[in-house]
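Each reported figure results from applying straightforward, stated rules to the coordinates on display, with no laboratory input. The structure displayed is predicted, hence computed values, not measured ones. Here Cβ is always computed from backbone atoms with ideal geometry, including for glycine, and neighbour counts include all displayed protein chains.
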Amino acid sequence: MNEDQRSLFLSSSSHFPPPQGVKLSYGTSGFRADASILQSTVYRVGILAALRALKTQSVIGLMITASHNKVSDNGVKVADPSGGMLSQDWEPFADTLANAHDPQHLVELIAEFVQKENITLDGTKPVEILLARDTRPSGEFLLEAAKQGIGSIIGAVALDMGILTTPQLHWMVRARNGGVKVSETDYFKKLSSSFRCLVDLSPSGTHANNVDDKLVVDGANGVGGEKLEILKTMLNGLAIEVRNSGKEGGVLNEGVGADYVQKEKVVPFSFGSQDVGIRCSSLDGDADRLVYFIVPSTSSNKIELVDGDKILSLFAIFITEQLSILNKEIDVKAKNGYQCHLGIVQTAYANGASTDYLKQLGLEVTFTPTGVKYLHEKAAEYDIGIYFEANGHGTILFSEQFLCWLKARTTELSDVAKGSEQHKAALRLLAVSELINQAAGDALSGVLMVEAILKHMGWSIERWNEIYEDLPSRQLKVKVVDRSAVVTANAETVAVTPPGIQEAINAETAKHPRGRCFIRPSGTEDVIRVYAEASSQDAADNLAQSVAKVVDQFLGFGSS
Ligand code: NG1
Ligand code: ZN
């Protein structure tokens, strides 16, 4: 590292002293904390993103968001050239960078890393970093810190894309690295045109159930509602009403949003008896999660949740149907054949009934730890990989090889075969690959996928919800002295440490029919999460409560 670069670092980093007594870690989804202590972290992630761009000689993304967390929190994460999450082998460097205690130490760490990774810092090959933020007020000053971090690396250029959903930024990074200089308008155009294409390919006569009725969307008082207001004006044949768009003065994620609806299973603010019989859905604060729900015709505020597992199952049904139409007329062993490998990826939070259902359909289901970085990576191993977290975060990935084959099939077919069922199935799969965000789980493209499939099947939301019945479940959080004391294995289903805790969990679980329970440290909050499932709601509640007590005994503030 030359002297100019060294003194640039020293002077700019002296404006961003790290918070005292806080240890930050690049968790499930980047760094997250109270916004008031994040300035130095975001500045340092700016440096990290710039180094990553130089290393990969590609466009990198930096997103400022704390998703479903409360409005006083914020966070920052990096999008890699593929549009996916930061490569996991850079996470330890992210941690050391964020926790460096003074400018001198920071410069030494960077110099060492730059040398190890063979990164050239002479400005001869300039690179771009796309910046975006959600609607949190703190995003504004944090974005400035990110710009300063990027500006402290010679040859790195920050491009401020303004307020975007997290998946919009991931999508832009991916597209730009594919050589297309896209804007937000291109994103909306792509979604609306591929949605139109899918709807036009629906079998005639299947629209009746829902073509004229509307979808009501809870925007979590965040960026998603705002963007959906724009997108909906570009859609034909789908009426969307957005509530909690943030314009009515509501607070981000407070009594609203996908996380609230999924965890509390109650109606979000501004929904109620007027919505009985209507399809309702909820986005989270940065619009990368989506759940649907039904308001039952009772006086309580409870809802029927149609969660990420049901969205995944709906997608799986549709894709399987298209693949079987294709395979019916193709000899997969012939020269033009293709044995498409379809895989489903879930986490331990997936409702047991969903996994049973998917396996009954004959699908291959695998599990990864929580966090889309794991699910995404696994799903990318298939020709078509569908992944979802129960909380509504997920997408469908297509391999390049399979897409090439599909494209070739649609053009190769004779004029007679064009318009055949096989041709339509291939076109539908291609439209899905355009509509669904290949970079990250995306609530806006997810809504359009769900709506197009419901039209295709001629299904109401009730019909969709009935594909299987969820096992009752309960999630709790426990505050502990040090959450890193819990180390898990087997896709987080077993707690390896502290010693004896798993045996205690097993003993509680064994008391309940169809009981299943696990604990893990949250990657986004300072808590241990408890998940319990059993044959009745009371049993699931009791199991979760008793395991929360176990956690408290082993790790709580009175434990030592
Ligand atoms: P943590 O806090 O690590 O449980 C939560 C979600 C994840 C993921 C991330 C990122 C649950 C139980 N966990 O992570 O699935 O979505 O936030 O937003 O929903
Ligand atoms: Zn989110």
Practice prompt. Would you mind checking the pairs K55/K477; K77/K189; K147/K373 and listing those with alpha carbons more than 32 angstrom apart?
Written response: K55/K477
Response to the item:
Expected sort for 433-445, 527-539, 30-42, 232-244 on mean C-beta neighbours within 10 Å, highest first, is 433-445, 30-42, 527-539, 232-244
Discussion item. Along each principal axis of its Cα atoms, how long is region 227-342 end to end? Whole angstroms, biggest number first, please.
Written reply: 60, 32, 24
Worksheet, complete the sentence: At the level of C-alpha centres, the distance separating region 413-447 and region 89-109, in angstrom, is 44
Discussion item. Straight-line reach from K424: which lysines fall under 16 Å, measuring Cα to Cα and dropping same-chain residues less than 8 apart?
Written reply: K328, K407, K455
Worksheet item: Let a ≥ b ≥ c be the square roots of the eigenvalues of the Cα gyration tensor of the chain; is it rounded (a/c under 1.5), or, if not, prolate (a/b larger than b/c) or oblate?
Response: oblate
Practice prompt. Answer rounded, prolate or oblate for region 3-181, using the Cα gyration tensor with square roots of eigenvalues a ≥ b ≥ c: rounded when a/c is under 1.5, else prolate when a/b is larger than b/c, else oblate.
Written response: oblate
Worksheet item: Under the classification rounded if a/c is under 1.5, otherwise prolate if a/b is larger than b/c and oblate if not, where does region 427-466 fall, given a ≥ b ≥ c as square roots of the Cα gyration tensor eigenvalues?
Response: oblate
Worksheet item: Can you tell me the Rg and Dmax of region 473-559, counting just the alpha carbons, in angstroms?
Response: 11.8, 32
Worksheet, complete the sentence: Reduced to Cα centres, the span from region 507-560 to region 15-56 in Å works out to 32
Item to complete: Please give the peptides 76-89, 462-475 ranked by average Cβ packing (other Cβ atoms within 10 Å per residue), highest first, as a rough proxy for protection.
Response: 76-89, 462-475
Worksheet entry | Kirkwood-Stokes translational diffusion coefficient of region 1-104, alpha-carbon pairs, 4 °C, 1.567 mPa s, µm²/s | 91
